[in-house]
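Enquirer: Input: one structure, supplied below.
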Amino acid sequence: MKHSFLLTLTLAMSSLVSMTQNPFLQRIYGTPYEIPPFEKFTVADYREGILKGMEEEKAEILAIINNNNDKEPTFEEVIEALDRSGELLGKTLSVYSTLNSSNSNDELRALAREISPLRSAHSDFINMNAQLFAKVKYIYDNQSKMNLTKEQTTLLEKTYKGFVRGGALLNDQQKAELAEINKQLSKLQLQFTQNLMHDTNNTYVTVSSVKELEGLPQANIQQAAELAERIGQKGKYSFNMQRPSCNPVLQYCKNRELRKKVYLMYNDRCNHNDAYDNKEISKQIIELRLKKAKLMGYKNFAAVQLENRMAANEENVYALLNEVWVPAVAKAQEELADIKQMMKKDGIKGKPERWDYVYYLDKAKKAKYNIDESQIAEYLEINNVQQGIFWVAGKLYGLSFIERTNDYPVYDKTAKSWDVVDKDGNVIAIFYSDFFPRDGKGAGAWCGGFRGQKYDHKRRVQPIVTNVCNMSLPSGDKPALQTIDNVETMFHEFGHALHSFFRNVHYSGTSGVERDFVELPSQINEHWAFEPEVLKQYARHYKTGEVIPQELIDKINASAMYGQGFATVELLAAAMVDMDLHVLTEIPADLNVMDFQTQKLKERGIPSQILPRYSVTNFSHTMGGGYTAGYYSYLWSEVLDCDAYQAFKETGDIFNPEVAERFRKEILTPGGINSGADMYKAFRGRMPKTDALLENRGLDKLKTDTGNKTGKAL
């Protein structure tokens, strides 16, 4: 008895110490706006917070099941309680997941492998719980008697469908099978992502002499020398597979053999038949997804994914992709003719290869428009660009930004923090910008956050939002000068941030929008990036402070559509392969995903010089989850954003306050309370047509030439 008492006391004391030491387990952080105290977290804290968070949520679920069983279930006791459950788990994961993708290390990645199957099993415990679902279903079936608000009705609808999609209607044997599939998928998707992070950050192409880098800007040469020294190759020049490192080689470097090495290494990430190869992993993911779809009564996995999206079905997706494919390929063939001419001038015989496309397209662009992107970059210093982005947000929505980097916790020395202040002086969000590549950061760019917008009783709690990118670094005596593409990316990700700043919902379950609607706020924000009025605000020469001259602005705008054949075809190719894999109703035993990709694109007549933007083995959007059977969303949303931007242009004022307020109110604020179609119609008065997209990409004339003279409505 005494031993039992001492053991209980020891465990209680241990728990008390743990609660004192682990910030996740404390009631509050005690920081401004409850920003996570990043410097205090340990891997043990993440692990404990996640495990205890799952334990607490399980207890909350059991409490819902056992509550008032002698009475009819109520919306408040079941649906609202479900929405509130898992607070500690969500609090911990929001920090851990964000840092694991942007500031990872071996310990964090090991923890991800440990907790992935546990989280999968935990989700299945909730989604497949028959007693819990019975209560949810009762409320769903009797909602007409409950006097619910629009947001509550949406929450109920999403909750019910979430259970059904999670396997609630399956029998016990099917539930067990689905749980095993989910467990394996979570493991494989994580392995795919970790393999890709390794190959992106730890695969190098190295040369010994600066003579091999002719044409490469000096800043990029300096960065290559610095990288070589960091990896033990001092005196040489190295490039990894982060875009800021390898893209300049493909665009500027005369050395054709080096371009070939870099191109193949980048496009063949995780396709080297080694420990980080993703071919077999991708095949297993595709097989398991199809098995899951059929278990749940769907013909293929695309049908599962598209059920709750604007596109609704695969026919609508392919209709859009095919409509744009023909003029895009025709435009790419025009560009190839220019490339062949440029190669002929250089005395290179034979057809262009894939590693020639970007290099000679850049040369052709310079010849046609007398534009030098390296000269343009001297006006695109990263801090000035960010201030330009803030200026646009101020003009459109009345926002201002106060830097608080020295006042708030930061998770990396290069990240910056900002108060987001509305026109009434209220801090509506905290914003973190994290722009530079580093070991442990995933490739690409994304918007995330350490806390979503929510309500604490009747008080709106500010979201903590991040923009994470891999932009060009400072080099030597030059600051971080950006390419046109990088500037567009910065505007794009900040559009997502604006969506997060303004979202105003009362339930976490109503915060998300359809996958093919989510890119509308980001992509429309790109439209302001190179408007002359905006450029004159932020584009200043890094040495002299001179505002970009009108001559260069004219060149930027005149050449803006050049290269859209290549850009559109590589986007479409990736979207089509994504769909092709997920509309399969049977998986060949000998499926090789790279051979499948090659064959499918060959059948469509893709120019041999163009590969998809991502090959299957490094296509994290679809194989890592998130955009599975959904990469088409970028094009679908582009139809929306181009048409929506016309609403501004039609007024003669790209900052028209009435249109901006309507966009904020109808698109940025409601979260997922309304459908994407309803939100768009509330903003525009109608559904969009494809005309504006085709015009924006310079494909409208080619479209007319192919016989389709009117853009279709989505």
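Enquirer: What single numbered condition from (1) surrounded by fewer than 20 Cβ atoms within 10 Å (Cβ to Cβ); (2) of a type in the set (A, V, I, L, M); (3) assigned to a helix (DSSP H, G or I); (4) under 33 Å from the mean Cα position of the chain (by Cα) fails to hold for Leu169?
Expert: Tallying (1) surrounded by fewer than 20 Cβ atoms within 10 Å (Cβ to Cβ); (2) of a type in the set (A, V, I, L, M); (3) assigned to a helix (DSSP H, G or I); (4) under 33 Å from the mean Cα position of the chain (by Cα), Leu169 fails exactly one: (3).
Enquirer: Could you grab the pairs with beta carbons closer than 7 Å, sequence gap of 6+ or different chains, first residue in the range 20-37 and under 18 Å from Ser417 (Cβ atoms), second one part of a loop (DSSP other than H, G, I, E, B) and open to solvent by 60 Å² or more (accessible area, probe 1.4 Å)?
Expert: If the second residue must be part of a loop (DSSP other than H, G, I, E, B) and open to solvent by 60 Å² or more (accessible area, probe 1.4 Å), the pairs left are Pro32/Asp407; Glu34/Ile28.
Enquirer: Taking the range 178-229, which residues are open to solvent by 30 Å² or more (accessible area, probe 1.4 Å), in contact (Cβ under 8 Å) with a residue 24 or more places away in the chain and charged (D, E, K, R)?
Expert: Passing the criteria: Lys183, Lys187, Glu212, Glu214, Glu226.
Enquirer: Would you kindly identify the helices (runs of 4 or more DSSP H) lying entirely within the range 351-450 that contain at least 2 residues that are within 25 Å of the chain's Cα centre (by Cα)? Can you show your working first?
Expert: Working: elements: 354-369, 373-377, 382-397.
The helices (runs of 4 or more DSSP H) meeting that bar are 382-397.
Enquirer: Please name all residue pairs, on different chains or six or more residues apart, with Cβ atoms under 7 Å, provided the first residue is in the range 636-656 and is within 18 Å of Ala677 (Cβ to Cβ) and in contact (Cβ under 8 Å) with a residue 24 or more places away in the chain and the second residue is charged (D, E, K, R) and open to solvent by less than 10 Å² (accessible area, probe 1.4 Å).
Expert: Hits for this filter: Trp636/Asp516; Ser637/Asp516; Ser637/Glu519.
Enquirer: Additional query: Among the residues that make up the range 38-45, is at least one of them surrounded by 15 or more Cβ atoms within 10 Å (Cβ to Cβ), outside any helix (DSSP H, G or I) and modelled with pLDDT of 95 or more?
Expert: yes
Enquirer: Checking Phe683 against (1) open to solvent by less than 30 Å² (accessible area, probe 1.4 Å); (2) within 22 Å of the chain's Cα centre (by Cα): exactly one of these is not met. Which one?
Expert: Going through (1) open to solvent by less than 30 Å² (accessible area, probe 1.4 Å); (2) within 22 Å of the chain's Cα centre (by Cα) one by one, Phe683 breaks only (2).
Enquirer: Filter the range 402-455 down to residues that are closer than 18 Å to Tyr96 by Cα, in contact with a strand residue (DSSP E or B) (Cβ under 6 Å, 6 or more places away or on another chain) and charged (D, E, K, R) and give me whichever is surrounded by the most Cβ atoms within 10 Å (Cβ to Cβ).
Expert: Only one residue fits best here, namely Asp434.
Enquirer: Could I ask something else about it? Quick one: which of Arg269, Arg256 is touching a residue at least 24 places away in the same chain (Cβ under 8 Å), of a type in the set (Lys, Arg), farther than 23 Å from Gln375 by Cβ and buried (at least 20 other Cβ atoms within 10 Å of the Cβ)? So that I can check it myself, show each step before the final result.
Expert: Values: Arg256 fails: buried (at least 20 other Cβ atoms within 10 Å of the Cβ).
Sole residue among the options that is touching a residue at least 24 places away in the same chain (Cβ under 8 Å), of a type in the set (Lys, Arg), farther than 23 Å from Gln375 by Cβ and buried (at least 20 other Cβ atoms within 10 Å of the Cβ): Arg269.
Enquirer: Any residue at all in the range 156-175 that's of a type in the set (A, V, I, L, M) and out of contact with any helix residue (DSSP H, G or I) (no Cβ under 7 Å at 6 or more places or on another chain)? Lay out the reasoning, then the answer.
Expert: Of all residues in the range 156-175, those of a type in the set (A, V, I, L, M) come to 156, 164, 168-170.
Filter again for out of contact with any helix residue (DSSP H, G or I) (no Cβ under 7 Å at 6 or more places or on another chain), leaving 164, 169.
Scanning the range 156-175 turns up at least one residue that is of a type in the set (A, V, I, L, M) and out of contact with any helix residue (DSSP H, G or I) (no Cβ under 7 Å at 6 or more places or on another chain).
Enquirer: Further, regarding this structure: Take Pro244 and decide whether it is modelled with pLDDT under 95 and part of a helix (DSSP H, G or I). Even if it seems obvious, please write down each step before you answer.
Expert: On the way: modelled with pLDDT under 95: yes; part of a helix (DSSP H, G or I): yes.
For Pro244, the condition - modelled with pLDDT under 95 and part of a helix (DSSP H, G or I) - is met.
Enquirer: Sticking with this structure for a sec: Scan Glu488, Glu526, Glu546, Glu551 and give me the residue that is within 24 Å of Ala692 (Cβ to Cβ) and surrounded by fewer than 18 Cβ atoms within 10 Å (Cβ to Cβ). If you could, list the steps in order and put the result at the bottom.
Expert: Working: Glu526 fails: surrounded by fewer than 18 Cβ atoms within 10 Å (Cβ to Cβ); Glu546 fails: within 24 Å of Ala692 (Cβ to Cβ); Glu551 fails: within 24 Å of Ala692 (Cβ to Cβ).
Testing whether each residue is within 24 Å of Ala692 (Cβ to Cβ) and surrounded by fewer than 18 Cβ atoms within 10 Å (Cβ to Cβ) leaves just Glu488.
Enquirer: Out of all the residues in the range 304-325, which are in a helix (DSSP H, G or I), more than 16 Å from Gly166 (Cβ to Cβ) and of a type outside the set (Asp, Glu)?
Expert: Selection gives Leu306, Asn316, Val317, Tyr318, Ala319, Leu320, Leu321, Asn322, Val324, Trp325.
Enquirer: Identify, please: which residue in the range 293-302 is touching a residue at least 60 places away in the same chain (Cβ under 8 Å) and out of contact with any Leu (no Cβ under 8 Å at 6 or more places or on another chain) and is, among those, most open to solvent (accessible area, probe 1.4 Å)?
Expert: First pass over the range 293-302, keeping only residues touching a residue at least 60 places away in the same chain (Cβ under 8 Å): 295-296, 299-302.
Now narrow it down to the ones that are out of contact with any Leu (no Cβ under 8 Å at 6 or more places or on another chain): 299, 302.
On the way: Lys299: 112, Ala302: 0 Å².
Restricting to residues being touching a residue at least 60 places away in the same chain (Cβ under 8 Å) and out of contact with any Leu (no Cβ under 8 Å at 6 or more places or on another chain), the top hit is Lys299.
Enquirer: Still on this structure, I have one more. Criterion first (buried (at least 20 other Cβ atoms within 10 Å of the Cβ) and either under 14 Å from Ile484 (Cβ atoms) or among the hydroxyl-bearing types (Ser, Thr, Tyr) (or both)) does Tyr360 satisfy it? Working first, answer last.
Expert: Working: buried (at least 20 other Cβ atoms within 10 Å of the Cβ): yes; either under 14 Å from Ile484 (Cβ atoms) or among the hydroxyl-bearing types (Ser, Thr, Tyr) (or both): yes.
So Tyr360 passes the test.
Enquirer: Would you check if Gln284 is closer than 30 Å to Lys175 by Cβ, in contact (Cβ under 8 Å) with a residue 40 or more places away in the chain and either open to solvent by 40 Å² or more (accessible area, probe 1.4 Å) or part of a loop (DSSP other than H, G, I, E, B) (or both)?
Expert: On the way: closer than 30 Å to Lys175 by Cβ: yes; in contact (Cβ under 8 Å) with a residue 40 or more places away in the chain: yes; either open to solvent by 40 Å² or more (accessible area, probe 1.4 Å) or part of a loop (DSSP other than H, G, I, E, B) (or both): yes.
Criteria met by Gln284.
Enquirer: Of all residues in the range 326-350, count the ones that are assigned to a loop (DSSP other than H, G, I, E, B) and of a type outside the set (A, V, I, L, M, F, W, C).
Expert: Here is the first cut: in the range 326-350, the ones assigned to a loop (DSSP other than H, G, I, E, B) are 346-350.
Right, trim to of a type outside the set (A, V, I, L, M, F, W, C) and you get 346-347, 349-350.
Of the residues in that region, 4 qualify.
Enquirer: Ok, one more. What are the residue pairs meeting all of these: first residue in the range 117-142, first residue more than 10 Å from Tyr160 (Cβ to Cβ), second residue modelled with pLDDT of 95 or more and of a type in the set (Phe, Trp, Tyr), Cβ atoms under 7 Å, and 6 or more apart or on different chains?
Expert: Asn127/Phe163
Enquirer: Something else about it: Of everything in the range 662-680, what is touching a residue at least 24 places away in the same chain (Cβ under 8 Å), of a type outside the set (Lys, Arg) and open to solvent by 10 Å² or more (accessible area, probe 1.4 Å)? Give them in sequence order.
Expert: Residues satisfying the conditions are Thr669, Pro670, Ile673, Asn674, Ser675, Ala677.
Enquirer: Another question, if that's okay. Since Glu335 meets every condition but one in (1) surrounded by 17 or more Cβ atoms within 10 Å (Cβ to Cβ); (2) within 26 Å of Ile221 (Cβ to Cβ), which condition does it not meet?
Expert: (2)
Enquirer: Then there's this: Would you say Ser374 is out of contact with any strand residue (DSSP E or B) (no Cβ under 6 Å at 6 or more places or on another chain) and not basic (Lys, Arg)? Even if it seems obvious, please write down each step before you answer.
Expert: On the way: out of contact with any strand residue (DSSP E or B) (no Cβ under 6 Å at 6 or more places or on another chain): yes; not basic (Lys, Arg): yes.
When the stated conditions are applied, Ser374 passes them.
Enquirer: Only one of (1) open to solvent by less than 50 Å² (accessible area, probe 1.4 Å); (2) in contact (Cβ under 8 Å) with a residue 24 or more places away in the chain; (3) of a type in the set (Gly, Ala, Ser) fails for Gly394. Which number is that?
Expert: Unmet for Gly394, out of (1) open to solvent by less than 50 Å² (accessible area, probe 1.4 Å); (2) in contact (Cβ under 8 Å) with a residue 24 or more places away in the chain; (3) of a type in the set (Gly, Ala, Ser): (2).
The values are calculated or read from the model by the stated rules, or taken from the named source; none is laboratory data. Please read these numbers as outputs of a predicted model, since none were measured by experiment. Quick reminder, even Gly has a Cβ in these numbers, built from the backbone with ideal geometry, and neighbours come from all protein chains shown. With ligands, DNA and RNA removed, areas are computed over all heavy atoms of the protein, side chains included. Shrake-Rupley method; radii C 1.70, N 1.55, O 1.52, S 1.80 Å.
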